[in-house]
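Enquirer: Dropping the structure in here first, questions after.
The values are calculated or read from the model by the stated rules, or taken from the named source; none is laboratory data. As the structure is a computational prediction, the values presented were derived from the model and not from experiment. Glycine also receives a Cβ, built like all others from the backbone with ideal geometry; neighbour counts cover every protein chain displayed. SASA here: full protein model, heavy atoms, side chains in, ligands and nucleic acids out. Shrake-Rupley method; radii C 1.70, N 1.55, O 1.52, S 1.80 Å.
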Amino acid sequence: MRPIEYVAAKTVQEAVTSLAEKGDAARPLAGGTDIIVQLRGGRRQLDRLVDMKAIPELNELTYNASSGLRIGAAVPCYRVYGNAEVAGAYPGLIDAASLVGGIQIQGRGSIGGNLCNAAPSGDTIPALIAHSAVAEITGPGGSREVPVEDFCTAPGRTVIQSGEILVAIRIPAPAAHFGACYMRFIPRNEMDIAVVGVGASVVMDGNKVTACRIALASVAPTPVYAAAAGAVLAGKEATEENINAVAEVAQSAATPISDMRGTAEYRTHLIGVLTRRALQSAIQRAKGA
Amino acid sequence: MASEKTHVRTTLNGEATEYLCETNQSLLEVLRDVLLLTGTKEGCNDGNCGACTVNMDGRIVDSCLVLGVEAEGAEILTIEGVATPEGLHPIQQAFLENAALQCGICTPGFIIASKALLEKEPNPSEARIRHWLAGNLCRCTGYDKIVKAVVAAANTIGGKK
Ligand SMILES: Cc1cc2nc3c(=O)[nH]c(=O)nc-3n(C[C@H](O)[C@H](O)[C@H](O)COP(=O)(O)OP(=O)(O)OC[C@H]3O[C@@H](n4cnc5c(N)ncnc54)[C@H](O)[C@@H]3O)c2cc1C
Ligand code: FES
Ligand code: FES
């Protein structure tokens with residue numbers, strides 16, 4: 001890793017100015033569990049890192065039963081799953097936050113960093129999409145909001161322009177009888193990159209599903225929001241047949257590749273299995289909620 | 001610009017400690033090469049093995065993924081701060097008694113990680129211990145003896161021995 005300028009910003013404005021000054025030669029630093037590895041490996045070359053962790057807004061985790069959850073972009077995973085209220089309200093996000101790396105990685109790595117790193121395999125991203133999360137972005141030109149399903153544009157690329165930062169991720173308050181789940185397949189028990197990941201959420205009315213969202217990891221150049229898959233179940237009973245139909249549409253929403261982790265065919269199979277399982281778990285959780 | 005060293009103030013193993021470091025030096029490099037505390041080990045240098053685990057502000061972290069400059073104001077515990085003048089920490093004793101180390105490269109990381117777990121959860125199940133230690137790899141001893149040592153340490157600390 002070559003020498004680099006380190007700036008610990010104290011305010012959003014200071015961070016934006018410091019990043020804008022250097023254009024593409026500067027990037028934000030949150031937990032560093034992606035970017036330090038990339039800098040050391042020579043996959044990125046930068047002149048300046050702007051540390052986000054001392055900016056109050058980026059460190060706040062606030063939950064309110066009517067307005068929902070706001071996760072500051074630099075809040076590490078452990079704080080999200082360690083908060084009992086948040087864990088109860090957003091079970092799919094908790095599934096994902098508690099399986100990013102091991103305990104050491106979760107002590108630093110943030111959900112904001114996972115999203116901004118924009119890996120196709122980023123585990124929290126399908127969970128955020130299933131929970132209808134929205135990214136709050138601020139830059140030299142002011143602030144804007146982008147739904148998480150529109151945030152990643154290519155591997156490692158997002159809608160964030162140089163000078164902009166992700167300030168927070170907002171998730172609406174869950175409806176009554178809401179349930180969600182994130183599941184991934186890896187060949188080990190822990191510490192691996194998803195071969196396929198599936199986030200699912202439902203809102204139930206008795207045994208009827210009134211709304212359903214499905215999102216996928218590791219099956220395309222970006223995380224995929226499979227809106228058509230969720231739509232299959234909306235307004236229908238949560239029967240095995242209907243759940244199978246969702247899984248089939250989810251399979252067709254993906255464009256998986258073959259690599260050392262699995263063939264495209266294997267991934268397509270896994271999308272089906274994991275969509276059914278994640279959906280069943282989300283439905284069970286919704287019935288308990 | 002960047003070759004100028006940064007002055008960092010921390011509390012290291014209970015003592016106020018200041019150092020000068022380059023912005024591209026990791027906390028692991030600062031500990032080993034600047035402060036000459038070589039108990040903390042480097043395995044992979046990319047966050048996978050946990051040999052470099054230290055406790056920073058009450059959380060275990062991989063010191064290879066923390067920049068030295070990020071430790072400003074932090075409280076850090078390394079393996080050098082685990083034993084007391086009275087003797088070894090019960091976890092260290094349990095690792096010895098249970099033959100939970102061979103080459104020892106992974107050991108400081110396992111001990112720092114286990115200590116954080118037992119301080120939070122004095123009676124973890126075996127499954128919980130294995131889950132907690134998933135970010136620590138050992139290439140020689142094997143995990144059974146390590147997990148047994150952590151269980152034994154929990155029993156000693158809890159007075160069940
Ligand atoms: C051993 C190991 C295991 C891992 N396991 C997993 C895993 O199981 N699943 C998984 O999904 N990931 C995993 N990761 C990857 C990584 O830990 C996660 O992606 C983590 O959430 C990144 O968060 P961070 O805060 O460390 O991000 P950083 O590394 O600080 O930043 C990541 C990227 O986001 C940008 N960024 C950060 N904050 C902002 C902001 N506020 N605004 C704009 N851009 C920003 C940075 O410039 C950088 O490009 C693993 C990494 C390691 C080293
Ligand atoms: S040396 Fe830091 S995790 Fe391996
Ligand atoms: S004792 Fe050698 S790596 Fe664990």
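Enquirer: Express the Stokes-Einstein translational diffusion coefficient of the protein assembly as shown in µm² s⁻¹, to the nearest whole number, given a Kirkwood radius over alpha-carbon pairs, 25 °C and a viscosity of 0.890 mPa s.
Expert: The estimated diffusion coefficient comes to 107 µm²/s.
Enquirer: Dipole of the protein assembly as shown (Lys/Arg Cβ +1, Asp/Glu Cβ -1, origin at the Cα centre): which of B:C44, A:V249, A:A135 lies farthest to the positive side?
Expert: Most positive-ward Cα: A:V249.
Enquirer: How far apart, in nm, are the 7 Å Cα→Cβ label points at A:N64 and B:T17?
Expert: Using points 7 Å along Cα→Cβ, the separation is 4.3 nm.
Enquirer: Then there is this: Anything over 23 Å Cα to Cα? Flag those among A:K236/A:K287; A:K10/B:K115; B:K115/B:K145; B:K115/B:K148, in the order listed.
Expert: A:K10/B:K115
Enquirer: Hey, which aspartates and glutamates would be in cross-link range of A:K208, C-alpha to C-alpha under 13 Å, not counting anything within fewer than 8 residues on its own chain?
Expert: Partners within reach: A:E237, A:E240.
Enquirer: How many percent of all Cα-Cα pairs in chain B sit more than 28 Å apart?
Expert: For chain B, the share of Cα pairs beyond 28 Å comes to 21 percent.
Enquirer: Further question on the same structure: At a threshold of 8 angstrom on Cα-Cα distance, excluding pairs fewer than six apart, so keeping six or more, what relative contact order does chain A reach in percent? Don't jump to the answer; show the numbers that get you there.
Expert: Values: 696 pairs, mean separation 47.1, N = 289.
Value for chain A: 16 percent.
Enquirer: Can you give me the relative contact order of chain B as a percent, contacts being Cα pairs under 8 Å and 6 or more apart?
Expert: Taking the mean separation of contacting Cα pairs over the length of chain B, I get 23 percent.
Enquirer: Turning to a different aspect of this structure: Note down the relative contact order for region B:6-81 as a percent, whole number, built from C-alpha pairs under 8 angstrom at least six residues apart.
Expert: The value is 41 percent.
Enquirer: With all protein chains present and a 1.4 Å probe, how do A:V50, A:V159 order by accessible area, largest first?
Expert: Accessible-area ranking of A:V50, A:V159, largest first: A:V159, A:V50.
Enquirer: Taking a cut-off of 20 Å between Cα atoms, list the aspartates and glutamates near B:K5, but don't count ones fewer than 8 places away on the same chain.
Expert: A:E5, A:D47, A:D51, B:E18, B:E22, B:E29, B:D33, B:E70, B:E72
Enquirer: Taking all protein chains together and a probe of 1.4 Å, list A:H177, B:H89 from the most accessible to the least accessible. Walk me through the numbers on the way to the answer.
Expert: Working: A:H177 95, B:H89 35 Å².
Result of the area sort, largest leading: A:H177, B:H89.
Enquirer: Beyond 23 Å, what share of the Cα-Cα pairs of region A:178-288 remains, rounded to the nearest whole percent?
Expert: 23 percent
Enquirer: Determine the shielding of peptide A:23-34 by partner chains: average, over its residues, the number of Cβ atoms on other chains within 10 angstrom of each Cβ.
Expert: Details: counts 0, 0, 0, 0, 0, 0, 2, 0, 4, 8, 6, 2.
Rounded to a whole number, the mean comes out at 2.
Enquirer: So, one more: If R₀ is 45 angstrom, what is the calculated FRET efficiency for the pair A:Q280 and B:E75, using the beta carbon separation as r and rounding to 0.05?
Expert: 0.50
Enquirer: Could you work out the mean count of beta carbons from other protein chains within 10 Å of each residue's beta carbon in B:54-61? Before the final figure, lay out each step's value.
Expert: Working: counts 1, 1, 3, 1, 1, 8, 8, 11.
Neighbouring Cβ atoms belonging to other protein chains average 4 per residue here.
Enquirer: Related question: Using a 1.4 angstrom probe with every protein chain in place, what is the largest-first accessible-area order of A:V224, B:V151?
Expert: B:V151, A:V224
Enquirer: Another one. Once both labels are modelled 7 Å past Cα along the beta-carbon direction, what's the B:R128-B:D33 spacing in nm?
Expert: Label at B:R128, label at B:D33, 4.0 nm between them.
Enquirer: Also, quick follow-up: What does the accessible area of B:V69 come to, in Å² to the nearest 10, when a probe of 1.4 Å is used?
Expert: For B:V69, the solvent-accessible surface is approximately 10 Å².
Enquirer: Do you know which residues of region A:78-118 lose at least 40 square angstrom of accessible area in the protein assembly compared with their chain on its own, with a 1.4 angstrom probe?
Expert: A:Y78, A:I103, A:Q104, A:R108
Enquirer: Kindly compute the accessible surface that chains A and B hide from a 1.4 Å probe when together, both sides summed, and give it to the nearest 100 Å².
Expert: Numbers: alone 12490 and 8550 Å², together 18680 Å².
The buried area between A and B, both sides summed, comes to about 2400 Å².
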